[in-house]
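A short write-up of the structure that comes next.
Derivation of every value follows stated rules applied to the coordinates shown; laboratory data play no part. Just so it is clear, the structure is predicted and the values come from calculations on it, not from any experiment. Note that we place each Cβ from the backbone using ideal geometry, even for glycine, and neighbour counts take in every protein chain shown.
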Amino acid sequence: MSYLTVDSREVNGIPVLYVNGYLNSLLGEEIERVIQNLVNDGGQRVLLNFAGTRLINSIGISFIIGVVERMTERNGMIAFCSLAPTNRELFQITGVTRYVKSFETEDEALAYLGRAF
């Protein structure tokens with residue numbers, strides 16, 4: 001299913017993951033795998049860009065919560081950007097926004113993560 005992807009690039013030492021597609025169990029597993037590899041390689045910061053994600057189901061949100069917990073346990077930092085209004089509301093309702101800062105643009109999020117360490 002090529003429409004479900006996690007593309008990545010690095011900006012000033014910060015990995016940016018582009019979540020593309022319907023965030024369900026398949027895409028959630030891919031996000032988890034990529035972030036686990038980053039953490040295992042010593043990564044402390046990561047930005048999830050949701051510009052390509054229009055819908056997130058309950059299983060997808062559970063993967064996001066798991067990723068946030070993993071980063072927090074490792075004293076890492078995660079941020080979100082480019083959330084669709086529906087997804088922003090979902091993150092607020094589920095309480096994810098209490099633990100993760102969300103930004104309108106990638107540049108704002110990168111500036112925040114760059115100052116954090």
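If you run the Gaussian network model on the chain, springs between alpha carbon atoms under 10 Å, then out of 47, 38, 23 the most flexible one is 38.
Grab the Cα-Cα distance for residue 29 and residue 10, subtract it from 0.36 nm times how many residues apart they are, and report the gain in nm with one decimal. If you can, show how the numbers build up before the last one.
Numbers: separation 19, 0.36 × 19 = 6.84 nm, distance 2.09 nm.
Between residue 29 and residue 10, full extension yields 4.8 nm more.
Would you order 77, 71 from fewest to most other beta-carbon atoms within 10 Å of each residue's own beta-carbon?
With the fewest neighbours first, 77, 71 line up as 77, 71.
Evaluated with a Cβ-only charge set (Lys, Arg +1; Asp, Glu -1), the chain carries a dipole of roughly 200 debye about its Cα centre, given to the nearest 20. Of 17, 26, the sequence from fewest to most neighbouring Cβ atoms within 10 angstrom is 26, 17.
Ranking 81, 92, 50 by how far each Cα lies toward the positive end of the dipole of the chain (charges on Cβ) leaves 92 at the top. Available extension along the chain between residue 94 and residue 54 is 12.7 nm, counting 0.36 nm per residue and deducting the alpha carbon span. For residue 51, the residues 5 or more places off, or on other chains, whose built amide H falls under 5 Å of its own are 19. Span-like helix criteria (full DSSP H runs; alpha carbon extent of at least 18 Å along the helix axis; mean Kyte-Doolittle hydropathy of at least 0.5) are satisfied in the chain by 58-73.
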